[in-house]
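Q: My questions all concern the structure below.
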Amino acid sequence: MRKIIVALSLFSSIIGFSQKDPVVLEVGNKKVTKSEFLQIYLKNNDDPKFDQKSMDDYVEIFTKFKLKVVEAEHEGYDTIPKLKRELEGYRKTLATPYLTDKTLQDDLVKQVYERLKTEVRASHILVKVAERATPEDTLKAYNRILAIKKRIEAGEDFEKVARSSDGSEDPSVAYNGGDLGYFTAFQMVYPFEEAAYRTPKGKISNIVKTRYGYHILKVTDVRPARGTIRTAHIMIALAKNASAEDIEAAKKKAYEIYTKAKNGEDFAKLAETFSDDTQSAAKGGELPPFGTGTTTRMIPVFENAAFGLKNNGDITEPIQTDFGFHIIKRLDWKPLGSFDELKKELQTKVSKDDRSKITQDSFIQKLKKEYKYKSYKAKNISWFYNNIDSSYFKNNYSYTGLTTDKPLFVLNKQAFTQKQFAEYIQKNTKYIRNGSFKDIIDQHYANWERQSILNYEQSRLDGKYPDFKLLMNEYHDGILLFEIMSDKVWNKASQDSTGLTAFFEKNKDKYVWGKRVDAFVYECISNDVANNVYGMISKNNAVSSKEIIDEVNKTSELNLKVKTNKYEIESTPFLKGHDFVKGLNKVYEYNGKYYVVFVNEILDPSAKELAECRGLVISDYQNYLETTWLSELKQKYPVKIHTEVLYNLK
C-alpha cells in the first residue's frame, strides 16, 4: 500500500511539473519545454513580442535550429572528444558564479564601488620573486625588501632608494622613479590595490606580495575620481631616436591636421586618413574608454590633456608623448554612476580578478560544513611523503607501490581517496617544482582538495539550479550546431570545388559585371588642387601619377591621393552617377573631396569569371546547401508545434 501511495504521489508531481512547464515544440523525439523556449527567445530579442505572427516567425527559425541539433546528435557529434572538451571548458566558466560566497562577493562589490570614488597616486619599490621560487630565494627577496623598507623609515628618500642600484627591480623606475601615477580599483593587481587603499597619504605600506614579487608602496596623493572618458585621437608617430628635424616635421604635420579639425573638418575622417595609429584610425581614431571603473590606463600626459577638455567635441592642440604627437578629441565623459547602475558590471569584474579567490575560499568552507566534510589527511598521507624522490622532477612520478586506497577526505559521504590524489599528482608534476618533498606533496594536496570539492559541487549544479541546466543545454546545442554547419554547409561550400563550379555554371546569369572603367583616380583636397591636377594632365597625357604627386604635394602631404584600378561605376561611391569618357574627365566634387578621373579604358557589362566573384558564389552556394539540407531534415524528423502553448506564452 505504501508503494502505491508513493507511486501515485510521484505521478502527481510529474503531472504537476509537466503542467507548469508544458512542451512547446517536438522535433523527432526531442521535446522543447516552455522554459527552454522562453529563455532562448528572450535572450535573442531585445524587444520581445508575443502576438501570433511574432511567435510563428520565431518558432520557424527555432525549428530549423533544433532540426540541425537533432541531426548532430543522431550522427554522434556529442561524442566527439574535441567537442566534449570544449563543452566542459564552457561548463567550468559558466559554473563560476555558482561557486562563490555570494554574501562575501556582495561586500567586495560594495567595497570596490567605494574605492572607485577616489584615485590613489603611489610610488613603489619592487623586489622580484618568481611565482614558484624556492623558499630560500623567497626569503632572500623578503629580507631585501625589508632592508629597503627600514632604510626609508630611517629617513632616506623613497625615490632615491628606488632608483639606486640596490633599489627597485621594476624596469620603469629608470624614467619614473617608482611613481605609478594615479589609479583606481581594477587597475592594479588586487593585493597591490588593497595596500594602496589601506595606506594613508604620505605613509609607507607594509610589505605586499603579488605575483611579481615583494613591494612597498608610498601613497603620495589621493583625489576624487575624474570619471570615465571616451576619446579619439590622431597620432603622428615618432621613432624613439627621432632627430630634431624629424620631430619638427612631425609637429608641423600634426598642426596642419589640427588646423583642419579646428576649421570643422570631420575628425574621424582625418584620423582614418592621417593617423599613424592604424588600430584606432580604422575606428575614426576612437580609443577604449579610460578612467574610473575601467582597466585601461593612459600615460599621464595623454590622460591629463584628455581630462582637461571641458566639453564633448573639444580637441586639444597637438601634445607630444614618447610615441609622437597626438590631437585628442573628447567624445563623451561620464561621472561615476550610481551603485545600482554599476552593480552588475562590478560583479562581473570582481568574479574575474583576484578577489574571486577570496569568495571561492569562503564558499569552499561553507560546502565543507554543508556536506559534513571530514579529513583523514593526517592519518593517510604518509605514504606520499615517504614515496617521492628525484624522479618527480623528471616527470616520472609513479604510484605503483601504492597498495591501499584509503580516504584522504570525505564529503557528503563520498570518499576522495589516495589513488585519486596520486593520479592528480602524476598529471600535475610540472606545476609545482620548488620546495622540500613534503612541501611539494602538501601544495599538491591543497590544490587537489580544493579542486575536488569544487568539481563535486559543479557536478550537482544541473540538479540544484534549473537556469544553469538550461544554459548548459544552450551551449551544448550551440557547439553541435556550429560543428555540423561547418561540415554540411560552410566548409563544404568552400572545399567542394566540383559542386561550387557546377552551381556557378547553373547560375551564371546572376554574376555579371556592370559598366566599368580602368582608370587613375586623383582625390584632391580642394577644387584649386583638382584644377591644378587637371591642367597638368591636359597639357601632357603622358605625365606619370608620381610626377603629379611630387609636384602637388610639395606644400602639403594632404593635398592629393592617387589610386588606380578597374572600378565598377555604380558600385563605387565616388564614381557612381557619372558618365565617363575615355581619357581625361572634368573635375567633380564628392563628399567634400574633388576628383579628377583619367580613364584608360571603358569596359562594357560582361559575365564574371568564377575567380572574380568566388566569395559571393560561395555564399550563395552555402545558402543553397543549407536550404536543401533542411528540406531533407524535415522529411527525416517530424515536427509538431503545440500552438495552444506557443500562443499563450508571456
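Values quoted throughout were computed directly from the atomic coordinates according to the rules given, and no laboratory measurement underlies them. Predicted, not measured: the structure shown is a model, and the values here were computed from it. No Cβ is skipped: glycine too gets one built from the backbone with ideal geometry, and neighbour counts run over all protein chains shown.
Q: Taking H placed 1.01 Å from N in the peptide plane, check which residues at least 5 places from E286 or on another chain put their amide H under 5 Å from its amide H.
A: Sorted by chain and number, the residues that satisfy this are H233.
Q: In debye to the nearest 20, how big a dipole does segment 118-224 give about its Cα centre with +1 on each Lys and Arg Cβ and -1 on each Asp and Glu Cβ?
A: Value, rounded to 20: 200 debye.
Q: Rounded to whole Å, give me the distance from the Cα center of segment 454-501 to that of segment 186-237.
A: Cα centroid of segment 454-501 versus Cα centroid of segment 186-237: 42 Å apart.
Q: For Y373, what residues show an amide H to amide H distance below 5 Å, using hydrogens built from the backbone and excluding near sequence neighbours?
A: The list, which skips near neighbours in sequence, is N412.
Q: Length gain on complete extension for the stretch V23 to D57, per 0.36 nm per residue less the alpha carbon to alpha carbon distance?
A: 10.4 nm
Q: Tell me, what HN-Hα J-couplings in whole Hz come from the Karplus equation 6.51 cos²θ - 1.76 cosθ + 1.60 at θ = phi - 60° for each residue of segment 202-211, using x for Gly and Pro?
A: x, 9, 9, 6, 5, 5, 10, 9, 10, 5
Q: Compute, for the chain, the length of the dipole vector about the Cα centre, with Cβ point charges of +1 (Lys, Arg) and -1 (Asp, Glu) only. Units Debye, rounded to 20.
A: The calculation lands at about 2820 debye.
Q: How many nm separate the modelled label positions at S526 and K160, each set 7 Å beyond the Cα in the direction of the Cβ?
A: Distance between label points: 5.9 nm.
Q: For segment 71-119, build the charge dipole from Cβ charges (+1 Lys, Arg; -1 Asp, Glu) around the Cα centre, then report which of T96, Y77, L116 sits farthest towards its positive end.
A: Checked the options; the winner is L116.
Q: From Cα pairs below 8 angstrom and at least 6 apart in sequence, can you work out the relative contact order of the chain, rounded to a whole percent?
A: Contact order relative to length: 15 percent.
Q: With the convex hull built on the Cα atoms of segment 118-224, state its orientation-averaged projected area in nm².
A: Directional mean of the projected Cα hull area for segment 118-224 stands at 6.4 nm².
Q: Amide H neighbours of T220 under 5 Å, counting only residues 5+ apart in sequence or on other chains, H built in-plane at 1.01 Å?
A: R121, A122, S123, G202
Q: OK, next. In nm, to one decimal, how far is the modelled label at T134 from the one at R614, with both set 7 Å along Cα→Cβ?
A: It is 5.8 nm.
Q: Moving on. Provide, in order from the shortest bin, the percent of all Cα-Cα pairs of the chain in each 10 Å bin, continuing until the bin that contains the maximum pair distance.
A: Values per bin, smallest distances first: 2, 10, 13, 17, 19, 18, 13, 6, 2, 0, 0, 0.
Q: For segment 250-309 and segment 503-582, what is the separation of their C-alpha centers, rounded to whole Å?
A: Cα centroid of segment 250-309 versus Cα centroid of segment 503-582: 30 Å apart.
Q: Once you have a ≥ b ≥ c as the square roots of the Cα gyration tensor eigenvalues for segment 371-459, tell me rounded if a/c is under 1.5, and otherwise prolate or oblate according to whether a/b is larger than b/c.
A: prolate
Q: Moving on. Pairs K53/K634; K34/K469; K30/K53; K20/K650; K374/K406: which are spaced more than 18 Å apart, C-alpha to C-alpha?
A: As for pairs spanning more than 18 Å Cα to Cα, those are K53/K634; K30/K53.
Q: Along the charge dipole of the chain, Cβ charges K/R +1 and D/E -1, which of T429, L480, T555 sits furthest on the positive end?
A: The one lying farthest along the dipole's positive direction is T429.
Q: Mind putting a number on the dipole of segment 512-607 about its Cα centre? Charges go on the C-beta only, +1 for Lys and Arg and -1 for Asp and Glu, and I need it in Debye to the nearest 20.
A: The dipole of segment 512-607 has a size of about 40 debye.
Q: Next question. Would you give the gap between the C-alpha center of segment 96-171 and the C-alpha center of segment 356-384, rounded to a whole Å?
A: 29 Å
Q: Percent relative contact order of segment 512-607, based on C-alpha pairs within less than 8 angstrom and at least six residues apart?
A: 49 percent
Q: Also, quick follow-up: So, by mean Cβ neighbours within 10 angstrom, what's the order for 72-79, 210-217 with the highest one leading?
A: 210-217, 72-79
Q: In whole Hz, what ³J(HN,Hα) sequence does segment 240-257 give by Karplus (6.51, -1.76, 1.60; θ = phi - 60°), x for Gly and Pro?
A: 4, 9, 4, 6, 4, 5, 5, 4, 5, 5, 5, 5, 4, 5, 4, 5, 4, 5
Q: Kindly identify segment 333-414 as rounded, prolate or oblate by the Cα gyration tensor criterion: order the square roots of the eigenvalues as a ≥ b ≥ c, call it rounded if a/c is under 1.5, otherwise compare a/b with b/c, prolate if a/b is larger, else oblate.
A: In terms of gyration-tensor shape, oblate.
Q: Moving to a separate point now. Sequence neighbours fewer than 8 away in the same chain don't count; with that in mind, list the aspartates and glutamates whose C-alpha is under 18 Å from K582.
A: D518, E568, E570, E601, D604
Q: Turning to a different aspect of this structure: Give the lysines reachable from K394 as a straight Cα distance under 16 Å; neighbours fewer than 8 places away on the same chain don't count.
A: Partners within reach: K427, K430.
Q: Going down the table (K92/K349; K43/K344; K561/K608; K160/K218), which pairs top 22 Å between alpha carbons?
A: The answer is K561/K608.
Q: Place a point 7 Å from Cα of Y588 in the direction of its Cβ. Which residues in segment 491-515 have their backbone N less than 15 Å from it?
A: 515
Q: Moving on to the next point. At a Cα cut-off below 14 Å, give the aspartates and glutamates reachable from K510, other chains included and same-chain residues fewer than 8 away excluded.
A: Once the sequence-local aspartates and glutamates are set aside, what remains near K510 is E609, E612, D620.
Q: Next question, about the same structure. From the backbone phi of segment 509-526, what are the Karplus-calculated ³J(HN,Hα) couplings (6.51 cos²θ - 1.76 cosθ + 1.60, θ = phi - 60°) in whole Hz, Gly and Pro given as x?
A: 4, 6, 10, 10, 6, x, 5, 10, 10, 8, 8, 9, 10, 9, 9, 10, 6, 8
Q: Can you tell me, using C-alpha contacts under 8 Å and at least 6 residues apart, the relative contact order of segment 371-459 as a whole percent?
A: After rounding, I find 30 percent.
Q: Add -39500 (n - 2.57) for each DSSP H run of 4 or more in the chain, then divide by its residues: what number comes out at 222 nm, to the nearest 500 deg cm²/dmol?
A: Only helices count here, giving -15000 deg cm²/dmol.
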